[in-house]
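Worksheet: one structure, shown below.
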Amino acid sequence: MVGDYRRDGFLVVPDFLSPGTCAAMIERAVQITEEQAPMGPRSVFSTAVQARRSDAWFLESGDQVRCFFEEEALAADGSLQVETGRAINKIGHALHDLDPVFAAVSYDPRMREVAAAVDMKDPLAVQSMAIFKQPGIGGEVGCHQDACFLYTEPLSVTGFWIALEDATLDNGCLWAQPGGHLDPLRRRFRRKVGGGTEFEMLDARPLPPPAELVALPVPAGTLVVLHGLLPHWSGANRSSRRRLAYALHCIEAAAEYPASNWLRRGPGLPLRRLADGPPAV
């Protein structure tokens, strides 16, 4: 299987989480939205236009647990078009360090074993997200490389994406370009001097269209490991079934993490090694 990862840039690990663990994570994610979404701003997350939508709620979320809304959940005046529970796009970006349910999975010894199997030497957990892909309005996540958003020198980010509910062709499963990780990073999402964010072009070649990707439908509990340079995409969810997933991103401890990266943490919550085990939260 590791040979497949080196060839394709992704690895599918079935039955990584039990149904009971998936249910506990789903329950906790829903609870967070019920507790926090009504309290915060209606900040929208969209991969297509994030450079011009990057607000303080987003840019200061690297060491927080915050809710972000689906674009289609809001009317032009900002009012909700659906109930709050069906309006959330994702929760980010420090669930793995601030919430015990998500921390237990993120720092599970098996996660370290998988990371080692795909050649990570000393992984640091840098970002986590509970991604809802809401029924009917779940937004498309445009084709991208994770290293665009979590840049290190040398490049080292690896994604660990877990389906908490069945991910199907209808509700927005992942699609990826086999072997696409062998091509260079196309662009980098960074903080702009003077404020805000921008995409820095590194390679003018376009990322592949969906027609050149392969679908990765997987049942709940499946782990999909994604190389940081792998082009991948997920379509909008127009079905009646939600597709909740958990994503953890790790970088190498020895790699340089530039201060211009969008995701930052304050000194009160430094990055932790997977080898450290779950934090006391």
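Residues to consider are ARG241, ARG186; find the one that is in contact with a Ser or Thr (Cβ under 9 Å, 6 or more places away or on another chain) and not hydrophobic (A, V, I, L, M, F, W, C).
Working: ARG186 fails: in contact with a Ser or Thr (Cβ under 9 Å, 6 or more places away or on another chain).
Going through ARG241, ARG186 in turn, just one is in contact with a Ser or Thr (Cβ under 9 Å, 6 or more places away or on another chain) and not hydrophobic (A, V, I, L, M, F, W, C): ARG241.
Tally the residues that are loosely packed, with under 13 Cβ neighbours inside 10 Å and not in a loop (DSSP other than H, G, I, E, B), restricting the search to region 201-213.
2
Kindly provide the set of residues from region 65-105 that are of a type in the set (D, E, K, R) and under 19 Å from GLY139 (Cβ atoms), ordered by number. Quick ask: steps written out before the conclusion?
As a first pass, look at region 65-105 and keep what is of a type in the set (D, E, K, R): 66, 70-72, 77, 83, 86, 90, 97, 99.
Hits for region 65-105 are ARG66, GLU70, GLU71, GLU72, GLU83, ARG86, LYS90.
Could you check region 235-266 and list, in sequence order, the residues that are crowded, with 16+ Cβ neighbours inside 10 Å, under 24 Å from MET120 (Cβ atoms), within 19 Å of the chain's Cα centre (by Cα) and not acidic (Asp, Glu)?
ALA245, TYR246, ALA247, LEU248, HIS249, CYS250, ILE251, TYR257, ASN261, TRP262, LEU263, ARG265
Quick check on region 240-252. Is at least one of its residues polar (S, T, N, Q) and under 27 Å from LEU182 (Cβ atoms)? Walk me through how you get there before you give the answer.
Looking only at region 240-252, we keep the residues that are polar (S, T, N, Q), and these are 240.
Subsequent filtering for residues that are under 27 Å from LEU182 (Cβ atoms) retains none.
So far as region 240-252 goes, no, none of its residues is polar (S, T, N, Q) and under 27 Å from LEU182 (Cβ atoms).
Among residues belonging to region 77-117 that are of a type in the set (Val, Ile, Thr) and in a strand (DSSP E or B), point out the one that is farthest from PRO278 (Cα to Cα). Walk me through it before giving the result.
First, pick out the residues of region 77-117 that are of a type in the set (Val, Ile, Thr): 82, 84, 88, 91, 101, 105, 114.
Cutting the leftovers down to in a strand (DSSP E or B) gives us 88, 91.
Working: ILE88: 26, ILE91: 19 Å.
The selected residue is ILE88.
Which residues, taken from region 17-33, are closer than 15 Å to VAL65 by Cα and free of Cβ contacts under 8 Å to residues at least 24 places away in the same chain?
Looking only at region 17-33, we keep the residues that are closer than 15 Å to VAL65 by Cα, and these are 25, 28-33.
The one that is closer than 15 Å to VAL65 by Cα and free of Cβ contacts under 8 Å to residues at least 24 places away in the same chain: GLN31.
Among (1) aliphatic (A, V, I, L, M); (2) modelled with pLDDT under 95; (3) in a strand (DSSP E or B), where does LEU226 come up short?
LEU226 satisfies all of (1) aliphatic (A, V, I, L, M); (2) modelled with pLDDT under 95; (3) in a strand (DSSP E or B) except (2).
The values are calculated or read from the model by the stated rules, or taken from the named source; none is laboratory data. Since we're looking at a predicted model, the values are computed, not measured. Cβ coordinates were reconstructed from backbone atoms using ideal geometry, including for glycine residues, and neighbour counts include every protein chain displayed.
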